[in-house]
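Just so it is clear, none of the values below were taken in a lab; they were calculated from the coordinates. Values in this document were obtained by computation on a predicted structure and should not be read as measured data. With ideal geometry, Cβ positions are generated from the backbone for all residues, glycine too; neighbour counts draw on all protein chains shown.
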Amino acid sequence: MDNLYSTSLSEHKGTLSPAINFLISKLKDLGVYTGGKLFDGDTGRVAIPITIEVSLPSGGTVDDIDIREVEPLLLMVSKNYYPFIAPKVHSDRKDFPKTRLPHLYAVADQAVLCINRNGQNDWFAEHTIEGFINSIKLWLYKAGSGLLGTDGNEFDPTRLDSYNGIHSYQYNKLYEIVTKKNSVAPEFNFAILFGSVGANSKDGLSYKSFEALPLIALKVTLEAMAELKKLKPVENPILSILCWSDKEETFSDYQTDLPKTLEDFENFCDQFSIDIKLALKFYITNKLNTRRRIPVILALKRPKKIVGYEGDVEFLNFTILGSNVQGMKIPKNAEVKNQSHIEPFTSELASRISGKENREKILFLGGGALGSKIFMHNLRGGNNKMTIVDKDIFLHHNLARHSLHSGRLGKNKAVALIKEAQDYFEVQQTKNLKAIPQDLLTLEASDFNEHQVIVDSTASLNVQNWLTVNPNIQNQLLFRAEIVHKGTLGLLYKEGKDRNPRIDDLVNYTYFAALSYPEIEAWRQYDSTTELENLPVGLGCSSTTVLIADDDISLHAAIFSKLISDTAKVNYGYVYLNNRSDEFPYIVKSNLVIVKPFENYACINDKSWNIRMADGISSRIHEASSILKPKEAAGVLVGLVNYKTKVVHVFDLIDAPSDSIAECACFYRGVHNLPNAIDEIKKRTGGLIGYIGEWHSHPMGLDSLSGQDRSNVAELKVINDKVPIPTLSIIVSNGKILPFIFE
Amino acid sequence: MNAKIKYYPTGNGDMSLITLEDNTTILVDCNIREGSKGDKDKTMYDVKEDLLNSIQKRNSNPYVDVFVLTHGDEDHCRGFENNFYQGDPKKYGEKNRKDGEIIIDELWFSPMIAEESSNDDEDIVQTEAERRLKLHKDKDPNRNEPGNRIYIIGYDGANKDYKDLDHLRQTPGTVVTNINNKEQNKFSIFIHAPFKVQIEDANNKNTPSIVFQARFKNHAVDTEYICLAMFGGDSDHESWEVILEKTERKKNHQTQKALDWDLFLAPHHCSWSFFNETPQDEHPDPKENSLKVLDYKRKNAIVIASSKEIIDDDDNPPHYEAKEEYIKKVGKDKFLNTDTDDVNDKTPQPIEFIITAKGPSRPPKTTNSNSIGSAGGTGAASTVIKHG
């Protein structure tokens, strides 16, 4: 059997570990090893010859590929590290059709089967030997049935068993250079790429390539590189060659036998009609070899789209060991090493990896602990269109829970976060990443207009008020994120369509929701009975996140980021409650509170005041009025007031007490049990929600306050001014809600 | 995705699922035993669970594109009432979804089931078919919606007359390419039976099954088929004699390759009735025509016996002698029995073929190969161990 590799291997004579002996006995039990000679493999491995019966289609193999009903294989088993290193599966056949199959490693002239895509050793640890053999059977079955390339009819790229360094570049960018023939000069089929040698590359074998240079730019680039070198930069610049064929021919075979010398490399390129000789001649003649190694990328046109990016050109990477004496010819026996390749971080790559399509331009108000984490989630998800506004400096105590690291200490938070983001997008334009290191109250209309989403993480009532009345927010989706109750409760508010419910509606409604949601009630109770502690850092921070741990901020930031990414899914307003229990085992529960649009009524007597009623309140008032008609009806309004925005929110009604008297021209609103009812609401909402006014009907159709009403207002105003709350009296007349307010 | 054919292990019963490249599914017969559901009985494969995992969902509602009932014997329609939705598809609701009721977009129905009533499930199929046929008779605007579609396979019997619905009829010799209102260009079905004479003679002791050939091409323009699979329900040697005669007389064996096969589902669960009259010992010689049908096999053709384990005993079918005849034609390795071919622990597994450009191929058998965790089944815990 001259066509078997094993015939050239020497018989293994030594002892083997108990684990390998067990493997051998198991292979015997499975009938794939018949007890023949073991061989010495390379680099500390023993080769166990096995035979696998292969299930093939009834009509023979697909595309007549030479996969046989019985395939001889060599299991290459590490003598020292088995079973922690999985056996490698080599075909024992010299004529195995390795160039025609995907999922094979390029290892000299041998075919090494890629049994499992990721983490061979981990996979082996999780499976039995029988499972391993079954996987080999499945691989061979698929190879014979034309089912190996199952990635949606895409071309599986060449798999490298070993490589020397990595070349990083954007596949789409190189694809564009090749397909548009963006060569260094029109008569050539190669481009010169500007890039750098990886900073952490000890052997100088890791490269980055950014842009193709035109001929006219070479001289000035070389001069600039020489100047740059004097400055001893972190990463030294280098020029690489990207070379392709001008023929339309596609290549479906895999290259497993990679060249080791320049002579081999030239022959290798000849197979694909790639004129590497001309490219190297150009490179040397123009003295582009500023370093000893010349990185070369070969572009091969494949018959299908390549797995992993949108193009049908596969890039194979090499370095040629030349000379850094510029212009010196490279000998034919110069060493050639193959390299792997990788894409740098780009927004497309990040989106693909994260499965996110977050392309909205986001304005972050506040770059503190919570804001920075949501910002970084978006950045890592591929969003490169973000603005962040923060005037604060990143100080030492911020290290406790901020996304930034110590290298950014002393920098403005907004500037530092944007710099961090720009460093991520090494090869991509970052003009849409913008820092505004100033007070957000100074933002102008243009700062808002260019964004689709606004995220307020300031936890500031002042900012909330400013946003509530800000005319520059029109079509943007406004979110507000805050963490309360010692970090146990995260609140994300999202405004509804046309800003209704508005941010103040949502925040205030959440206080009222303490009556329905225990986690909110617990927070309101805590806030109303506990004095907030401050960290001894001497900062006048108004944020209630001051006493929260980093893990709690991350807990909430992660889900908030996810919700903010889903802007397109819902157009209604909501409050998202993310709650963890206060004590071990910290059970996490979430609730989505959908908030319907509010009704807005400008006060009749003072248009600067607005009454905003939660959904259903006005219909309850109308209904109660019609029931008692022709008598008057009345009741008490439950809500809260904001003097800064001049808004009264009404969330609930309390029916007139049982000691009330209804008449046709008057309603005597009693008090029986009313104080208790109000006190209960106030208590449960931490003192924020309570009595906020009165309503009564005018069945006779009077659209204004009667004399009796004015007298009542005067009486109530004395009481209300002490709280203080304005005195609100809503009249229901002719089907209309008519609010009157007195400060 | 490649097309597939899956033969489910259901004991002495038939249930096969054809899945096309575009995920269109055609279920041929069903034999869903209640006992096979869940982990109640390890000796039975949970065909319902597998079916639900293998078919598509529309608005979260599971559906098969086509259900073909070859004939009404219970071992071909068991579980129809409990597992398939009957009635107006618009009324399919949360409860139906929860119960895993499968919508049949298009029902392929032989009028023969109207001629006899042997079991409740058969009656339910008949009722559902009648509901759909009425919509078509009444020209209901929803008659062509998924869940209301129907084909009549073959001719009418003595009891029912669907003459005014001939546009829904597919008769022997027809090639069907429109599957669930979608024209297929790489798949077709050649209808072989039932014949008029079979249905008119409803008292015929031999059940007149729908017999058809499923035909797969690699490319739409190809003239060759990459896989030909024969499904014959409980058809007997007399049926096949007629099939052979008619197909050859009309030259469909040449022009349509209508008798060729790569996969042959042994009729009536590997019964001798395919070869000759039963009892076998009184008619021990296979009919020439039956053997001739088998000779239309192509290279490496495979016979699938959808039956319990075939033992040389008097409990027939399956007939051991029938198995021997099949093996004479295809070889031992190419004769597969659904109950014994691939058994994982105690549970027989479906026999699945992937349709490749070079014909049907079988993925290697799979076993639970996790190296960590406890035993998948009860293992030794269910065995009495005595130590001396």
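Using a/c under 1.5 as the rounded threshold, could you call segment A:159-344 rounded, prolate or oblate? The axes a ≥ b ≥ c are square roots of the C-alpha gyration tensor eigenvalues, and prolate needs a/b larger than b/c, oblate otherwise. Note, shape of segment A:159-344 comes out rounded. Taking a ≥ b ≥ c as the square roots of the eigenvalues of the Cα gyration tensor, an a/c ratio of 1.5 or more together with a/b larger than b/c marks segment A:5-145 as prolate. Within the listed set B:12, B:218, B:159, the Gaussian network model of chain B (springs between alpha-carbon atoms below 10 Å) gives the highest mean-square fluctuation for B:159.
Partner shielding of A:681-694 amounts to 0, given as the average count of beta-carbon atoms from other chains within 10 Å of each residue beta-carbon. Whole-Hz Karplus values for segment A:583-595 come out as 10, 3, x, 6, 5, 9, 9, 10, 9, 10, 9, 7, 10 Hz, taken residue by residue from phi with 6.51 cos²θ - 1.76 cosθ + 1.60 and θ = phi - 60°; glycine and proline positions read x. Does segment B:4-366 come out rounded, prolate or oblate by the C-alpha gyration tensor, with a ≥ b ≥ c the root eigenvalues, rounded set by a/c under 1.5 and, if not, prolate when a/b is larger than b/c and oblate if not? Rounded shape, in that the Cα axes give a/c under 1.5. Shown here for segment A:253-323: trypsin sites (Lys or Arg not before Pro) in loop regions (DSSP other than H, G, I, E, B) with at most 13 other Cβ atoms within 10 Å, namely A:292. Segment A:549-578 and segment A:85-159 have Cα centres spaced 43 Å apart.
Kirkwood radius and radius of gyration were both taken over the C-alpha atoms of chain A, and their ratio Rg/Rh is 1.14. Annotation: the residues A:743, B:94, sorted from fewest to most other C-beta atoms within 10 Å of their own C-beta, follow the order B:94, A:743.
The local environment of residue A:285, defined by Cβ-Cβ distances under 15 Å, has a net charge of +3 under the rule Lys, Arg +1 and Asp, Glu -1. Do the alpha carbons of any pairs in A:497/A:589; A:486/A:722; A:98/B:6; B:299/B:332 sit beyond 24 Å of each other, and which pairs? The answer is A:497/A:589; A:486/A:722; A:98/B:6.
Helical runs (DSSP H, four residues minimum) scored at -39500 (n - 2.57) apiece and divided by the length of chain B put the mean residue ellipticity at 222 nm at -5500 deg cm²/dmol.
When chain B is treated as a GNM, springs tying every alpha-carbon pair under 10 Å, which of B:31, B:337, B:82 comes out with the largest mean-square fluctuation? In the Gaussian network model the winner is B:82.
Peptide B:1-11 has a mean shielding of 1, counted as Cβ atoms of other protein chains within 10 Å of each residue's Cβ. Ordering A:441-448, A:642-649, A:492-499, A:390-397 by mean Cβ neighbour count within 10 Å, with the highest value first, yields A:492-499, A:642-649, A:390-397, A:441-448.
Just list whichever of B:95/B:139; B:37/B:365; A:208/A:413; A:208/A:229; B:217/B:329; B:217/B:297 have alpha carbons separated by over 19 Å in the model shown. Where the Cα-Cα span goes over 19 Å, the pairs concerned are B:95/B:139; B:37/B:365; A:208/A:413; B:217/B:329. Annotation: the residues A:681, B:124, sorted from fewest to most other C-beta atoms within 10 Å of their own C-beta, follow the order B:124, A:681.
Who wins for biggest fluctuation among B:237, B:269, B:167 in a Gaussian network model of chain B, springs between alpha carbons below 10 Å? So, out of B:237, B:269, B:167, the one fluctuating most is B:167. Peptide A:369-380 shows a mean partner chain C-beta count of 0 within 10 Å per residue C-beta. Using just its DSSP H runs of length 4 or more, each adding -39500 (n - 2.57), chain A gives a mean residue ellipticity at 222 nm of -8500 deg cm²/dmol after division by all residues. Loop-located GluC sites (Glu not before Pro) across segment B:233-317 with a Cβ neighbour count of 15 or fewer within 10 Å are B:277, B:309, with loop assigned by DSSP.
Checking every one of the trypsin sites (Lys or Arg not before Pro) in segment B:208-259 against DSSP loop status and a limit of 13 other Cβ atoms within 10 Å picks out B:251. Of all beta bridges that DSSP places with both ends in the protein assembly as shown, some 70 percent have antiparallel geometry.
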